Amino acid sequence: MRRARGFTLVELLVVIGVICVLMALLLPAVQQVREAARRTQCRNNLKQIGLAFHNYESVNRVLPPSSTSRIDLGVWSPEPTQYALHSWAGMLLPFIELQTIVLQVNYDVSALDALNKQAASQIIPVYRCPSYTGPDYSNSAFYLPLSKKYAIRNYAVMGATTIGKLYLHPDGVFYAMSSTRMGDIKDGTSNTIFVAETREPEAAVWIDGGTGSITSHPYDQTSPPEYALPQVGINYTPYFVPTDGQGIDSKYGPSSMHPGGVLHLFGDGTVHFIAPNIQPTVYDALVTPDGKETIKGLLID
């Protein structure tokens, strides 16, 4: 009777080595497939937001403002709960089939009022990128005294090309107390950015309009009146660190956790992936709705 022959130590080590090599080859492929799925879901979120903008404009004849209060009346101002501060994200809720959350929002008082705490704590899936791995709630010292659960969003409207313009002469579509109509977008909705992703972990509270809009360039306090660095703000950090108390620190502006760039929603409802190496003049042209620029050399898919 013959005895069964087992693996020798060398053969076992060879088998283990082959398995390890196969796993090393397979893991990146699996990660790429998962990221592709997350990016597709993020793209779908933006398309839903785009449709909501169009439906909002059809009903109200204007697009929602980034904030229903002035930009200098944010959570950093004295007694912020006395200002309305409702954001574009809050104004869109009735148009993205989130009636249960709509019923929790009291639009007659401040977005930061205690009556809106329950709504503010809701994590809204359509406002969250599945690739985002940051906190669910802001840890900023400005928000914690009001509530420990102000939920984060991963999308921000484009309000201007620079911080200086955002405060004084906004040249984007969405800014504080704006009333932009589709007909005001003379460059064409297919050439104008409405929304960019953001991975900002503290200032991007969805219910708060004070931080609802961002700019194409990062902040530079040494270069008035634009107060902007020359490069684009895509994945640039720190994006905005105020020195005069007028604002809340933002590590990121237009940004994402997708490899290679950031998804952007355009006014016609299309979504494009823009890389950080896009020319600043081109990015600025895409942010302005009536700049009359000739847009060439787009680095978008």
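The values are calculated or read from the model by the stated rules, or taken from the named source; none is laboratory data. All figures in this text were calculated on a predicted structure; none of them were measured in a lab. Note: ideal-geometry Cβ built from the backbone for every residue, glycine included; neighbour counts use all protein chains shown.
Can you confirm whether Gln31 is modelled with pLDDT under 90 and either aliphatic (A, V, I, L, M) or assigned to a helix (DSSP H, G or I) (or both)?
In short, yes.
In region 95-115, what residues are in a helix (DSSP H, G or I) and under 22 Å from the mean Cα position of the chain (by Cα)?
Result: Phe95, Ile101, Val102.
Any idea how many residues of region 193-220 are over 26 Å from Asp113 (Cα atoms) and surrounded by fewer than 23 Cβ atoms within 10 Å (Cβ to Cβ)? I'd like the intermediate steps shown before the answer.
So the first thing to find is which residues in region 193-220 are over 26 Å from Asp113 (Cα atoms), and the list is 193-197, 215-220.
After this cut, where a residue has to be surrounded by fewer than 23 Cβ atoms within 10 Å (Cβ to Cβ) as well, the list is 220.
Looking only at that region, the number is 1.
Which residue out of Gln118, Gln122 is over 19 Å from Ala285 (Cα atoms) and not in a loop (DSSP other than H, G, I, E, B)?
Gln118
So how many residues does region 93-110 have that are in contact with a Pro (Cβ under 9 Å, 6 or more places away or on another chain) and either surrounded by 22 or more Cβ atoms within 10 Å (Cβ to Cβ) or of a type in the set (Phe, Trp, Tyr) (or both)?
1
Among the residues of region 204-232 satisfying the criterion of being among the aliphatic types (A, V, I, L, M) and assigned to a strand (DSSP E or B), which is farthest from Ala151 (Cα to Cα)?
Within region 204-232, the first condition is being among the aliphatic types (A, V, I, L, M), and the residues that meet it are 204-205, 207, 214, 228-229, 232.
Those still in the list that are assigned to a strand (DSSP E or B) too: 205, 214, 228.
Working: Val205: 6, Ile214: 18, Ala228: 28 Å.
Of everything passing the filter in region 204-232, Ala228 is farthest from Ala151 (Cα to Cα).
When you scan region 113-126, do you find a residue that is among the hydroxyl-bearing types (Ser, Thr, Tyr), surrounded by fewer than 16 Cβ atoms within 10 Å (Cβ to Cβ), without any contact (Cβ under 8 Å) to a residue 60 or more places away in the chain and out of contact with any Pro (no Cβ under 7 Å at 6 or more places or on another chain), even just one? Break it down stepwise before answering.
Of region 113-126, the ones among the hydroxyl-bearing types (Ser, Thr, Tyr) are 121.
This time we only want the ones that are surrounded by fewer than 16 Cβ atoms within 10 Å (Cβ to Cβ), so: none.
Scanning region 113-126, I find no residue that is among the hydroxyl-bearing types (Ser, Thr, Tyr), surrounded by fewer than 16 Cβ atoms within 10 Å (Cβ to Cβ), without any contact (Cβ under 8 Å) to a residue 60 or more places away in the chain and out of contact with any Pro (no Cβ under 7 Å at 6 or more places or on another chain), so the answer is no.
Output the residues belonging to region 196-219 that are farther than 17 Å from Tyr236 by Cα and among the hydrophobic types (A, V, I, L, M, F, W, C).
Val205, Trp206, Ile207, listed by residue number.
Quick check on region 261-278. Is at least one of its residues assigned to a helix (DSSP H, G or I), more than 15 Å from the chain's Cα centre (by Cα) and surrounded by fewer than 18 Cβ atoms within 10 Å (Cβ to Cβ)?
For region 261-278, residues assigned to a helix (DSSP H, G or I), more than 15 Å from the chain's Cα centre (by Cα) and surrounded by fewer than 18 Cβ atoms within 10 Å (Cβ to Cβ): absent.
Does Val195 qualify as being closer than 26 Å to Ile152 by Cβ and not in a loop (DSSP other than H, G, I, E, B)?
For Val195, the condition - closer than 26 Å to Ile152 by Cβ and not in a loop (DSSP other than H, G, I, E, B) - is met.
Taking interchain pairs and intrachain pairs at least six residues apart, which have beta carbon atoms under 9 angstrom, with the first residue in region 152-168 and touching a residue at least 24 places away in the same chain (Cβ under 8 Å) and over 17 Å from Tyr219 (Cβ atoms) and the second part of a helix (DSSP H, G or I) and of a type in the set (Ser, Thr, Tyr)?
What qualifies is Ile152/Tyr127; Arg153/Tyr127; Asn154/Tyr127; Tyr155/Tyr127.
Give me the residue from region 127-152 that is touching a helix residue (DSSP H, G or I) at 6+ places or on another chain (Cβ under 6 Å), modelled with pLDDT of 95 or more and over 19 Å from Trp88 (Cβ atoms) and, out of that set, surrounded by the most Cβ atoms within 10 Å (Cβ to Cβ).
So, considering only residues that are touching a helix residue (DSSP H, G or I) at 6+ places or on another chain (Cβ under 6 Å), modelled with pLDDT of 95 or more and over 19 Å from Trp88 (Cβ atoms), the one surrounded by the most Cβ atoms within 10 Å (Cβ to Cβ) is Ser131.
From Phe273, Phe240, which residue is in contact with a helix residue (DSSP H, G or I) (Cβ under 9 Å, 6 or more places away or on another chain) and within 26 Å of Asn139 (Cβ to Cβ)?
The conditions single out Phe240.
Considering only residues that are of a type in the set (Phe, Trp, Tyr) and not in a loop (DSSP other than H, G, I, E, B), which ones fall in region 65-94?
Across region 65-94, the qualifying residue is only Trp88.
What are the residues in region 244-254 that are under 13 Å from Ser213 (Cα atoms) and part of a loop (DSSP other than H, G, I, E, B), if any? Spell out how you get there, then give the answer.
Step one: list which residues in region 244-254 are under 13 Å from Ser213 (Cα atoms), which gives 247-248, 250, 252-254.
Gly247, Ile248, Tyr252, Gly253, Pro254, listed by residue number.
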